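Written out below as structure tokens is the structure these notes cover.
Every number in this text was worked out from the coordinates using simple rules, so none of it is lab data. Please read these numbers as outputs of a predicted model, since none were measured by experiment. With ideal geometry, Cβ positions are generated from the backbone for all residues, glycine too; neighbour counts draw on all protein chains shown.
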Protein chains: 2
Amino acid sequence: MRGISIILSLLMLILLPATSSAQQNLWMGDGVRSVEISDSHNVTFRLYAPDAQGVALKGDFLSEGIHSVSMTRGEDGVWSYTTEPLPSEMYYYSFIVDGIGEINDPESVYLVRDVARQMNYFIVGGGCGDLYKPQAVPHGTVSRVWAEMGDTERRMVVYTPAGYESSRKKYPVLYLLHGMGGDEEAWLATGRAAEIMDNLIASGKAQEMIVVMTNGCTHHVAAPGYSEEGMWRPYMSGSMDGSFETMFADVVKWVDSTYRTKAKADSRAIAGLSMGGFHAMQISKSYPAMFDYVGLFSAAIFRGKEGVALYDDLEAKLCRQFHEGVELYWIAIGCDDFLYDENVKYRALLDSLALPYTYHESEGGHIWRNWRCYLTEFAQMIFK
Amino acid sequence: MRGISIILSLLMLILLPATSSAQQNLWMGDGVRSVEISDSHNVTFRLYAPDAQGVALKGDFLSEGIHSVSMTRGEDGVWSYTTEPLPSEMYYYSFIVDGIGEINDPESVYLVRDVARQMNYFIVGGGCGDLYKPQAVPHGTVSRVWAEMGDTERRMVVYTPAGYESSRKKYPVLYLLHGMGGDEEAWLATGRAAEIMDNLIASGKAQEMIVVMTNGCTHHVAAPGYSEEGMWRPYMSGSMDGSFETMFADVVKWVDSTYRTKAKADSRAIAGLSMGGFHAMQISKSYPAMFDYVGLFSAAIFRGKEGVALYDDLEAKLCRQFHEGVELYWIAIGCDDFLYDENVKYRALLDSLALPYTYHESEGGHIWRNWRCYLTEFAQMIFK
């Protein structure tokens, strides 16, 4: 069947006149294979740039401190570079050509946005990378919804697990919060949240659950390009002034009234990365009877604005939260994270109050690679 | 509030160590303003490429037959080009640098994919372009769902109008089909279907409706990157062998059982572009009592595979369809479309059978600019 379709495609292409319009002027050649992963997980990158003076490769698979590596020009005008074997992971890459820092791979359509950059990515399988790939398992639904929070409509991403539509069951809910510069799309794109949840649920490692991904920057109602603000340039901003935490009760109320949720604390979890970890900490203590599961991923614990009443009386509010009941209070951070020291300080505070938490320390710094792993681990521990 | 956030952002950035990881190595500079639209709708493009030998600009706003235009280098290493005033529309652009055909704008995160290319876009407002922008109106929900069709699970995009979640109403459904090389994402990305529907519904010009965007290439279950097929390279393929039409009854059944639909012919419409127009024609005549509204946009009418029983007896099946009742049979095509002649032939066939249709002829060829306009017009005529 595919053979027939290809023949039909070729026939149609022959009939297409050459014009300047988008649909008629499609890519038709074979191009170069720009990312090739060998059986031993060496990755070869290629860029056709016959007239370039120099081409370099950037990527988060390069060793710490190496900004970029030079690619070698072949006689055919194709520049290439092959890595050492790479561990199973999701990686980003871009090219530097004649002084233009970071161009995308013209041969790949696979991009994720992290703040102000669209980055090409690839996934090396055979390990945790397999969790970040869509597998032959039932897939959940991913919805972009608008919900009333405070006095505005705000955009959220909601994952409902496979089978939600055809069942009458009620589900627990994980609220998953992004960091500074992020938005409601971040956990889905760079965080691979839908793939991780599909794969964990299908293998029985995580409970079926709804995952709600909010937008924690209150000066925007949606990710760039999705609201009447138009096509603004994303920047490293966040809200640590109590405004997001204050509207969070509306989020939970809206979710409980819109989806078939188990609307009680033992079926609610909240977790976030960096600023989102700060939000998860503040929200869970501000609504002490709302969440039995809390995850702080590389949390920016002590970064809130001074003088915000919601941030006052931290110790007393934490004690009240734990008194109401916490099944899991999970703190994770990489040993190279710039927020490492304030997490040490925060754990000391919890220790001094005799409040029980679980601590997980990983390699690496303040990076998505860690946050994907933390979500993977956290999702397996909740609602059990 | 934004001022405070920016200060906090800057403080955090100062604390970020320089490493090669993605999150820590974010864009921090101001960059150039790569697309600037003047009050008179002249558009200035800029690319910082200090070491490039030559930079050219491509885009569907250039005059017919012009492949690209040279940009001029400024002393600051920024290349620029300013267009004549452009009509209100959504446009694509890319840069050609030192022989690399089509690189994306490194300063913009706004991309849409058309088959195998991610293309930067911008929108000139003040006319139909305003329909393609998110406006300050209630927004519908956009869901990516997996549904059983035939013996496989396939991915679809479903738009439910603003208010769907909070009401108990039932809604009519428009099934909206893509062309060759497209998939379930095409109408949403390049077609701006969600923005068009939000804006038309908010202004009272279109009825509230659900819009279902299927994947009409039966040799794939989902758009590239969303299934276990992995990260394949999109190509100009389609299914015109009856396989998609055959599974379409399952689509309608699944939609009617999953959403609050008005499950009858006078509340169902089907429309498609190019191959999708062929599908809409074939499906509506194969299930003669299913759709009262049919839209053929630049339809590839006579392109089906020979020997497929579903495609046989065209005249008799069309007569039966019209006998069952058709409220609107709308045929639209551009005067420069390579499928123009076969649409002339198809209208002659309908005329010879005395089957009533409405014909709309526009400027231009086989391009998304036309299909966005056709959707805009068609959506205002149905379910009334």
query: Distance in nm between label sites at A:Gln135 and B:Trp232, each 7 Å beyond Cα in the beta-carbon direction?
result: 2.1 nm
query: Using 1/(1 + (r/R0)^6) with R0 = 35 angstrom and r between the beta carbons of B:Ala309 and B:Lys170, what's the FRET efficiency to the nearest 0.05?
result: 0.50
- request: Report Rg (one decimal) and Dmax (nearest whole number) for the range B:207-331, counting Cα atoms only, units Å.
  value: 15.0, 46
- line: For the range B:29-126 the mean separation of alpha carbon contacts under 8 Å (6+ apart) over residue count, i.e. relative contact order in percent, is 28 percent
message: Using the Cα centre of the protein assembly as shown as the reference point, and only Cβ charges (+1 on K/R, -1 on D/E), how large is the resulting charge dipole? Debye, rounded to the nearest 20.
response: 2000 debye
- request: Assuming 0.692 mPa s and 37 °C, estimate D for the range A:81-224 with Stokes-Einstein, Rh taken as the Kirkwood radius over Cα pairs, in µm²/s.
  value: 193 µm²/s
message: Suppose we keep just the alpha-carbon trace of the range B:29-126; what are its Rg and Dmax in angstrom?
response: 12.9, 38
Crossing angle, helix A:314-324 versus chain A [Cα axis fit, 0-90 degrees, rounded to tens]: 80 degrees
field: Inter-site label distance for A:Cys335 and A:Asp266 at 7 Å from Cα along Cβ, in nm
entry: 3.9 nm
Contact order relative to length of chain A, as percent, for alpha carbon pairs under 8 angstrom and 6 or more apart: 11 percent
- line: Stokes-Einstein, Kirkwood over Cα pairs, chain A, 20 °C, 1.002 mPa s; D in µm²/s equals 94 µm²/s
- prompt: Using modelled amide H (1.01 Å from N, peptide plane; none on Pro or chain starts), what sits under 5 Å from the amide H of A:Met119, excluding residues fewer than 5 places away?
  reply: A:Val112, A:Arg113, A:Asp114
- prompt: What's the longest bit of chain B with no exposed GluC sites (Glu not before Pro), using DSSP loop states and at most 11 other Cβ atoms within 10 Å as the test?
  reply: B:76-305
Mean ellipticity per residue at 222 nm, deg cm²/dmol - from DSSP H runs of n ≥ 4 across chain B, formula -39500 (n - 2.57): -7500 deg cm²/dmol
Charge context of B:Met240, other residues only, Cβ under 12 angstrom, K/R +1, D/E -1: -1
message: Taking a virtual spin label 7 Å from the Cα of A:Arg320 along the C-beta vector, which residues in the range A:234-277 bring their backbone nitrogen under 17 Å of it?
response: A:242, A:245-249
query: So what does log10 I(q)/I(0) come out to for the protein assembly as shown at q = 0.07 Å⁻¹, using the Debye formula with one equal point on every Cα and no solvent?
result: -0.51
- prompt: Around A:Tyr226, what is the net charge, scoring Lys/Arg as +1 and Asp/Glu as -1 over all other residues with Cβ under 13 Å from its Cβ?
  reply: -2
statement: Lys and Arg at +1, Asp and Glu at -1: neighbours of B:Val35 with Cβ under 10 Å from its Cβ sum to -1
query: When chain B is treated as a GNM, springs tying every alpha-carbon pair under 10 Å, which of B:Ile96, B:Ile331, B:Ile301 comes out with the largest mean-square fluctuation?
result: B:Ile96
statement: Partner shielding of B:221-232, as the mean number of partner chain Cβ atoms within 10 Å, equals 4
